[in-house]
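Asks: Take a look at the following structure, please.
The values are calculated or read from the model by the stated rules, or taken from the named source; none is laboratory data. Predicted model, so just to flag it, every value in this text is computed and none were measured. Cβ: placed from backbone, ideal geometry, glycine included. Neighbour counts: every protein chain shown. Areas reflect the complete protein model, heavy atoms only, side chains present, ligands, DNA and RNA absent. Shrake-Rupley method; radii C 1.70, N 1.55, O 1.52, S 1.80 Å.
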Amino acid sequence: MSHPHEPYALDVLNPATEEVVATVPGATAADVDRAVAVAARAQRTWAAAAPADRARLLRRFAAAVDDHLGELARLEVREAGHTIGNARWEAGNVRDLLDYAAGGAERLSGRQIPVPGGLDVTLLEPLGVIGVIAPWNFPMPIAAWGTAPALAAGNAVILKPAETTPLTALRLAELALEAGLPEGLFQVLPGRGDVAGDALVRHHGIAKIVFTGSTRVGKQIMSLCAERVKRVTLELGGKSPNVVFADADLDAAVAAAPMSFLDNSGQDCCARTRILVERSVHDRFLELLAPAIESVVVGDPADEKTQMGPLISKTQLERVRSYVPEDTPALRGSAPEGPGFWFPPTVLTGLAPDAPCAVDEVFGPVAVVLPFDDEEDAIRLANATEYGLSGSIWTRDVGRAIRVSRAVAAGNLSVNSHASVRYWTPFGGYKQSGLGRELGPDALTAFTETKNVFISTEA
Ligand code: NAD
């Protein structure tokens, strides 16, 4: 760990070319102190504003994001190597979240419960200043998942983006100011996790931490938060199953399988990286899967036709390589040669269910295929992981779809689909995939404290 007060800078690389696209100053512990003091003042005024006024400003912020959708998307392509199609969706997701949360500000109404001898009201009060620590895999949406509902509920936000991807977050902070959000209410502090991130987690002026990233760092943050009983939401890793039964529409299951783990180059906590296939159709599934993997278009993320871009960094490339040495037999797609952090789509077969690649979150374009015998065996294998974020079930049998959905311990399941993220439905993990839920109709309440007040009518 470098000294928390030493000045430093972050180089932002284009992962498709390895060129430095920007250098930004990194936040120190003193910068965090200053930001918290400013945010605390801004939060008091914001919390006192009428909900309709907060909603109006958040809708203006959403409109400003919409006006700059193309610019934000291109920035995401440059700093994160995301395909341009995905990057546009990501910027649109930020806009939609702000709009949806704005409506929440107007509907956060608490409740009145009948009691004898008086009037009893339950109030939902903002927590104060929220620290959002975001990862590099979906820099814009994940930052907004915490930020939009926190602001709507009357809090201030200090966002620390990942070291490798600060640019879209910095641009969002500028757009917030242009849209009229009060100075200091939403601040972005790019910086190292062990410096700026750590200072946010330890700061007494931060009421809650929203963290998305590795399970290892999530556990550290949770134990630091415990010292002050600081509120915490954790969105951590995943090793999600894609369960294909013999009675499924096999062509549809095969067609959907590649992008269910290759989207965002596999750097997706919901990636379906454990493909579990009923033994009677296992060989047929692999026969059909091989050409589907080979035909995935990997290359320049700015090209509209590209389906998969590079990995985020050299560190991530080395991590993925360490799981799949070059001579490992596998179904493989293609990847460009030369500069950039490229790894081809890869499917491993014949592995033991407890092989590292079958249980660890690789966070790259790598999946394993494992056979199962029957429904009970499928459920056992699906649950044989410390994670529990997402999963898919492919079957034509409705009863089975419901039984297996109930039996798999994961927060987000899809039947005959791989879709698991919508801003209007709850999202989060079982087991070591996380704590708390984001998105959906209850997102704002995660940024409030519940206060019950009894007013006697007898006095
Ligand atoms: P990470 O957990 O180290 O980083 C995530 C965020 O936490 C970054 O903003 C980082 O700066 C910050 N951070 C790091 N150390 C911190 C600390 N001590 N205190 C406060 N904040 C800190 O993740 P990584 O090293 O970038 O990626 C490693 C692995 O994590 C990946 O290979 C993947 O398996 C997993 N990951 C998962 C997700 C997800 O969405 N679930 C996202 C990113 C990474």
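Asks: With r as the distance between the Cβ atoms of Ser109 and Arg228 and R0 = 25 Å, compute the FRET efficiency 1/(1 + (r/R0)^6) and round to 0.05. Mind showing how you got there, number by number?
Replies: On the way: r = 30 Å, r/R0 = 1.18.
My answer for the efficiency is 0.25.
Asks: Could you run the Karplus curve 6.51 cos²θ - 1.76 cosθ + 1.60 with θ = phi - 60° over the stretch 7-18 and give me ³J(HN,Hα) per residue in whole Hz, x for Gly and Pro?
Replies: Listing the rounded values in order: x, 7, 10, 10, 8, 9, 9, 7, x, 7, 10, 6 Hz.
Asks: Restricting the count to DSSP beta bridges whose residues both fall in the chain, what percent are antiparallel, rounded to a multiple of 5? All intermediate terms of the calculation are to be shown ahead of the outcome.
Replies: On the way: 22 of 60 bridges.
So the antiparallel bridges in the chain amount to around 35 percent.
Asks: Could you order Glu90, Glu278 by accessible surface area, starting with the largest, using a probe radius of 1.4 Å?
Replies: Details: Glu90 0, Glu278 30 Å².
Listed by decreasing accessible area, they come as Glu278, Glu90.
Asks: Using only Cα atoms and rounding to the nearest 10 degrees, what angle (0 to 90) does helix 279-294 make with the longest principal axis of the chain?
Replies: Taking the Cα atoms of the chain, the angle to 279-294 is about 80 degrees.
Asks: Right, something else. Each residue of the stretch 197-211 in order: what ³J(HN,Hα) in whole Hz does its phi give by Karplus 6.51 cos²θ - 1.76 cosθ + 1.60, θ = phi - 60°, with x for Gly and Pro?
Replies: x, 4, 5, 5, 4, 7, 5, 5, x, 9, 7, 8, 10, 10, 10
Asks: Still on this structure, please answer the following. With the Cα gyration tensor of the stretch 233-306 giving a ≥ b ≥ c as the square roots of its eigenvalues, does the rule (a/c under 1.5 for rounded; else a/b larger than b/c for prolate; else oblate) give rounded, prolate or oblate? Before the final figure, lay out the partial values.
Replies: Numbers: a/c = 2.86, a/b = 1.22, b/c = 2.34.
Here the stretch 233-306 falls in the oblate category.
Asks: Lysine pairs in the chain 8 or more apart or on different chains: how many have alpha carbons under 26 angstrom apart?
Replies: 19
Asks: Now, a different point. What is the antiparallel percent of DSSP beta bridges lying wholly in the stretch 241-422, to the nearest 5? Mind dumping the intermediate values first?
Replies: Working: 2 of 23 bridges.
For the stretch 241-422, the DSSP antiparallel bridge percentage is about 10.
Asks: Sequence-distant or interchain residues sharing an amide H contact under 5 Å with Arg231, placed H: which?
Replies: Close amide H contacts, sequence-distant or interchain: Ile209.
Asks: Taking only protein heavy atoms and a 1.4 Å probe, what accessible area per residue, in Å², does the chain have with all protein chains in place? Please report the intermediate quantities before stating the final value.
Replies: Working: 18980 Å² over 459 residues.
With the other protein chains kept in place, the chain gives 41 Å² per residue.
Asks: Using each residue's phi in the stretch 394-407, evaluate 6.51 cos²θ - 1.76 cosθ + 1.60 at θ = phi - 60° and report the 3J(HN,Hα) Karplus result to the nearest Hz, with x for Gly and Pro.
Replies: Rounded to whole hertz, the list is 10, 6, 9, 8, 5, x, 5, 4, 6, 4, 6, 4, 5, 7.
Asks: Now a separate question. Compute the long axis of helix 84-107 from its Cα atoms, compare it with the longest principal axis of the Cα atoms of the chain, and write down the angle in degrees, 0 to 90, nearest 10.
Replies: 40
Asks: Now a separate question. With all protein chains present, how much of the accessible area of the chain (probe radius 1.4 Å) comes from carbon and sulfur, to the nearest whole percent? All intermediate terms of the calculation are to be shown ahead of the outcome.
Replies: Values: 10150 of 18980 Å².
Carbon and sulfur together cover 53 percent of it.
Asks: Solvent-accessible area of Tyr323, probe 1.4 Å, all protein chains present, reported in Å² to the nearest ten, please.
Replies: Taking all protein chains as shown, Tyr323 has close to 50 Å².
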